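The values are calculated or read from the model by the stated rules, or taken from the named source; none is laboratory data. This is a predicted model, so every value here is computed, not measured. Glycine gets a Cβ as well: all are built from the backbone with ideal geometry, and neighbour counts include every protein chain shown. Heads up: the accessible areas ignore ligands, DNA and RNA and are worked out on the full protein's heavy atoms, side chains in. Shrake-Rupley method; radii C 1.70, N 1.55, O 1.52, S 1.80 Å.
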Amino acid sequence: MAINLDNYTLTFSDEFTGSYLNTSVWGTKYWWGGRSLASNGEMQYFADRSTAVIQQNPHLDPFSIEADPHEAGDGILTITARPSPDTSLTDGLPYISGLINTHSTFSQTYGYFEISAQVPSGQGLWPAFWLLPQSGNWPPEIDVLELLGHDPSTYYVGSHWKDATGKHAFKTQGISTGVDLSDGFHSYGTLWTADTITYYLDGTQVFSMATPAGMNEPMYLLAGLAVGGNWPGAPDSTTVFPAEFQIDYIRAYAPSIKPTISGNDSPNVLVGDKVATALNDIIFAYGGNDTLEGLKGNDTLKGGGGADTFIYRTGPTGHDVILDFDPLGGDVVRITKAIAGQKNFSGLYRMIKDDAAGDAVLKLADGGSITFDGVRKAQLAYDDFLIV
């Protein structure tokens, strides 16, 4: 079955134009600062221009962008893995490579996520594209593409979660394609809904599984080229370096059956569950002074231009993300005392903490939360909230 995106809206896209990786969109190390996963036995150090190994050896920068020869105005990001020139500069690890992620810039609950890429082949090479929770929790995890370089005709999909006892559970499915995936570009996608996770190769379904319980929080995107590890094994004399993981684009789509008002400058009242069947809504407004209310579920809200009001009056609220809250532009959160669990702003302000990404998170009385994407606690003031 082919993927059908007629009822989906593009929410994220990088076609990798320009002369270098856009570091305002992509982080180049794990959100906690790590540059390898020792738990996986990985042998690469994820380097970038801020690291000593690249500052001393600029020609070994793992990231480069070149024009796409097939599409004018488009580009291809290449992530290159090579032996380390000095392991004292790479935490003792024998290889350098690259990782990109949107931990602090983009995350989404449910939708379709896709990468178009040409994977490398070779013993010990491990290219991947996957999703992890913005909260920093693990599991859950959704694996869209994992490939072991010694077998470039097979790739792996699957997910990780916590079972009913709280223990780590996972399902990994090998997809035997019958073609050498390293010979050209292919698209690898996953459609994640409240009920199922379905995987696609070049737009055609290859595997589906039930969405595990609890896999319902915003996830961000990661792509990288690992070297070595417990699963792929170490490189050997047959492995050719430099090894390249080439990425044409990375995109994300959200269901557009949720209220989306495009190009409308008049005020709109957008209410999630009154027009949507799912509890996890994506509500985008544009011009005008809009009123947005997600109601139940883990909602993503974007007011667009104007002075927008985000309403919280009934629970359970879920874990919401406001993408464009503007403390200086008249945006306001209108919240009841029952939902806030506080009677005044000073009490409410104590319940706001900056998360690991630096985003202000307001903990609510019913266990839910509001994340102000790109806004720190220090930027919020009493006039950003109306407690009723």
If you scan the range 149-167, which residues turn out to be surrounded by 21 or more Cβ atoms within 10 Å (Cβ to Cβ) and not in a strand (DSSP E or B)? G149
Need at least 2 residues that are among the β-branched types (V, I, T), under 22 Å from the mean Cα position of the chain (by Cα) and modelled with pLDDT of 95 or more per element, so show me which strands (runs of 3 or more DSSP E) inside the range 198-270 make the cut, counting only ones lying wholly within it. 243-255
Going through T11, T17, T23 one at a time, which residue ends up being in a loop (DSSP other than H, G, I, E, B) and farther than 15 Å from G98 by Cα? T17
Residue list for the range 168-197, restricted to those being aromatic (F, W, Y), surrounded by fewer than 20 Cβ atoms within 10 Å (Cβ to Cβ) and not in a loop (DSSP other than H, G, I, E, B): F170
The residue that is modelled with the lowest pLDDT, considering only those in the range 1-40 that are on the phi < 0 side of the Ramachandran plot, surrounded by 15 or more Cβ atoms within 10 Å (Cβ to Cβ) and of a type in the set (F, W, Y), is Y8
State whether the residues of the range 76-98 include one that is under 22 Å from L10 (Cβ atoms) and in contact with a strand residue (DSSP E or B) (Cβ under 6 Å, 6 or more places away or on another chain). yes
Tell me the strands (runs of 3 or more DSSP E) entirely within the range 46-101 that contain at least 3 residues that are within 16 Å of S36 (Cβ to Cβ). 75-83, 95-97, 99-101
State yes or no: is S36 touching an Asp or Glu at 6+ places or on another chain (Cβ under 6 Å) and farther than 23 Å from D68 by Cβ? yes
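To keep it simple, each residue is scored yes or no on (1) closer than 26 Å to A356 by Cα; (2) over 9 Å from the mean Cα position of the chain (by Cα); (3) open to solvent by less than 10 Å² (accessible area, probe 1.4 Å); (4) not basic (K, R).
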position: I100; (1), (2), (3), (4): yes, yes, yes, yes
position: T109; (1), (2), (3), (4): yes, yes, yes, yes
position: L125; (1), (2), (3), (4): no, yes, yes, yes
position: N137; (1), (2), (3), (4): yes, yes, no, yes
Filter result for the condition that a residue is among the hydroxyl-bearing types (S, T, Y) and within 26 Å of Q205 (Cα to Cα), over S135, S153: S153
By residue number, the members of the range 284-293 that are crowded, with 21+ Cβ neighbours inside 10 Å and modelled with pLDDT of 80 or more are L292, E293
What tally of residues in the range 214-252 results from selecting those that are among the charged types (D, E, K, R), out of contact with any Pro (no Cβ under 8 Å at 6 or more places or on another chain) and closer than 14 Å to P127 by Cβ? 1
Enumeration of residues in the range 41-73 that are more than 25 Å from the chain's Cα centre (by Cα) and at pLDDT 95 or above: A52, V53, I54, Q55, Q56, N57, P58, H59, L60
Here the qualifying pairs (Cβ atoms under 8 Å; residues six or more apart or on different chains; first in the range 160-184 and at positive phi; second surrounded by 12 or more Cβ atoms within 10 Å (Cβ to Cβ) and outside any strand (DSSP E or B)) come out as G178/S153
Determine which member of the set P139, P69 is of a type outside the set (D, E, K, R) and under 30 Å from G166 (Cα atoms). P139
Subset of the range 68-89 [loosely packed, with under 14 Cβ neighbours inside 10 Å and over 19 Å from A243 (Cα atoms)]: P69, H70, E71, A72, G73, S88
